[in-house]
Structure formats: C-alpha cells, structure tokens
Amino acid sequence: MDRIVIVDNLKDIRENMNKNIGVNAILNTIRSCMALLFPLITYPYAARVLGVANLGKINYGNSIVVYFSLIAALGINVNFQRFYN
C-alpha cells in the first residue's frame, strides 16, 4: 500500500516538473525579449529628456560602476572556491 502511494506521488512530481519546465521556458523567453526591447524604447526617451551632456555624465558614472563590479566579481569566485573546497 505504501509503495503505491509513493509511486503516485512520484508521477505527480514528474507531471508538475514538466509543467514547470514549460512555464519557465516561456517566462525566460519573455524576459530575454524584454531585455532587448526595453532599452530600445527607453534610451531614445532618456536621451531626449536628459540631453547630450547629462546623458554623457550618467554613462560615465555607469562605466565606473561597471569597472568596480568587474573587480568585485573577480574576488568572489576565489573566495567561494576557498570556502567550499
């Protein structure tokens, strides 16, 4: 009797996992499309509203943040390898 219940539970888990994989694939596709479309819509608007000089200041600040993020990401991998090995 317990074996039948376990097998039924496994079947339910597999069916739910297949549904979840399909939903995740669709949501991932939507996210990828939005990541392409959102900048195409917002960048021209931001450029028109902010103007050339202010947009250049924002891009310069963004480049500095990206450099610091790159340096921080290099150190994180080393620390995790040391911690888990």
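Would it be correct to say that Ala53 is at negative phi, at pLDDT 90 or above and more than 26 Å from the chain's Cα centre (by Cα)? Criteria met by Ala53. Does Leu40 satisfy the criteria of being assigned to a helix (DSSP H, G or I), at pLDDT 90 or above and surrounded by fewer than 10 Cβ atoms within 10 Å (Cβ to Cβ)? Against the criterion (assigned to a helix (DSSP H, G or I), at pLDDT 90 or above and surrounded by fewer than 10 Cβ atoms within 10 Å (Cβ to Cβ)), Leu40 qualifies.
The values are calculated or read from the model by the stated rules, or taken from the named source; none is laboratory data. Predicted model only: the values in this text are computed from it and were never measured. All Cβ positions, even for glycine, are placed from backbone atoms using ideal geometry, and neighbour counts span all protein chains on display.
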